[in-house]
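Please treat every number below as a calculation from the coordinates, not as lab data. The structure presented is a predicted model; accordingly, all values stated were derived computationally and were not measured. Neighbour counts are summed over all protein chains in view; Cβ atoms, including those assigned to glycine, are modelled from backbone coordinates with ideal geometry.
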Amino acid sequence: MTERWLWTQKQDIGPGPRHFHAMAYDTSRKRVVLFGGSTEDEGTWEWDGSVWTQVADMGPSPRQSTAVAYDATRKRLVLFGGGEEYPAALSDTWEWDGGEWTQVADIGPAARYGHALAYDTARARIVLHGGAQGTSGNHKIFQDTWEWNGTEWQQIADTGPARSYPGMVFDTSKNCLWLFGGMANLDPETPLGDTWEFSDTSWTKRQDMGPTATASPKMVYAGSRTILFGGGEVDQPGDTWEWNGILWTKRQNMGPTMRGGHALAYDSDRDRVVLFGGVLTNSHGVTIEMGDTWELSILSAG
């Protein structure tokens, strides 16, 4: 049986254009939750599959290059760090319960931005990896791995891929984390295209071939497959890829324009991958922030 991968633009009304924001799907409330980014908008937004609604205007300080993940056991969205004003980095931890944000920790991983978060369903832990601190001329790229148990952070590995702005997901079928691309420095002109696995307490490189080396890819685990979109900043259609644990396969090269700094989330109730925003550079060299919403559906084609 073949499949048809179809991107559909939904609407351009809702959160203002932005990049380096964060999104995750709240399975208990059946909403995609969005926070932060390169905007003065301090609000928290939710997408129900039809419309965006601003649901809070208080919470964490405005920031970009933060990360969020949904803790399905505790029914909380967890946010860590980011930057208020580049390159100032933060080290606070917040949780969103669907009604309000609460700061739950200010100690744990070092302050950073451009890190990745994912929820380990097997161990009921939020896992953090990588990120950066400082400016492009004087920076540190982290390679440590931490987990949040709902009460405190614990470091579980101190070596691994030194990476800022990678894509990362937890694969429930294989009980491991997958990480792709990002940067080993803060230069988007030197992106990476390697794939890593985190299992037990260590990272292992699994593949050097697949999607084009990408500075800020975004990935989701969509039921039974890992999906990646974008990460560059050029005015042309972006590529959509699938990872099966061994090889990458390009599934689509039509849909949203290629972009970086966007956000993805997987709506498991509607079986849709949701994309919002990002930034691209058009053919005239002009940088454009995006405020569009797209959904990816995977249809049986006979």
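Per-structure values
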| read-out | value |
| --- | --- |
| ³J(HN,Hα) computed for each position of segment 245-251 - Karplus, 6.51 cos²θ - 1.76 cosθ + 1.60, integer Hz, glycine/proline x | x, 10, 9, 8, 10, 6, 10 |
| In sequence order, calculated HN-Hα J values of segment 230-241 (Karplus, 6.51, -1.76, 1.60; Hz; x Gly/Pro) | x, x, x, 9, 10, 7, 7, x, x, 9, 10, 10 |
| Kirkwood hydrodynamic radius (C-alpha pairs) into Stokes-Einstein, the chain, 25 °C and 0.890 mPa s, D in µm²/s | 130 µm²/s |
| Sequence ranges 212-222, 48-58, ranked by mean other-Cβ count within 10 angstrom, highest first | 212-222, 48-58 |
| Percentage relative contact order, the chain, counting C-alpha pairs under 8 Å, at least six apart | 17 percent |
| Dipole of segment 3-300 [Lys/Arg +1, Asp/Glu -1 at C-beta], most positive-end residue of L77, T287, L247 | L247 |
| Segment 110-127 - phi-based ³J(HN,Hα) in whole Hz, Karplus 6.51/-1.76/1.60, Gly and Pro as x | 4, 3, 6, 9, x, 8, 10, 10, 8, 9, 7, 5, 5, 10, 6, 9, 7, 10 |
| Label-point separation, L6 to Q154 (7 Å along Cα→Cβ), nm | 4.7 nm |
| Residue among D200, D120, D292 with the largest mean-square fluctuation in a Gaussian network model of the chain, springs linking Cα atoms under 10 Å | D200 |
| Over segment 43-163, relative contact order from alpha-carbon pairs under 8 Å, at least 6 apart, % | 18 percent |
| Three-way shape call for segment 1-109 based on the alpha-carbon gyration tensor, with the a/c threshold at 1.5 | prolate |
| For the chain, built as a Gaussian network whose Cα springs stay under 10 Å, the top-fluctuating residue of S224, S164, S268 | S224 |
| Listed residue pairs exceeding 27 Å between alpha carbons, taken from K30/K218; K140/K250; K30/K140; K30/K250; K30/K174; K140/K174 | K140/K250; K30/K140; K30/K250; K140/K174 |
| Rh (Kirkwood; distinct C-alpha pairs) - segment 184-302, Å | 15.2 Å |
| Average silhouette area of segment 42-101, convex hull of alpha-carbon atoms, in square nanometres | 4.4 nm² |
| Convex hull volume per residue in cubic angstrom - Cα atoms of segment 152-250 | 115 Å³ |
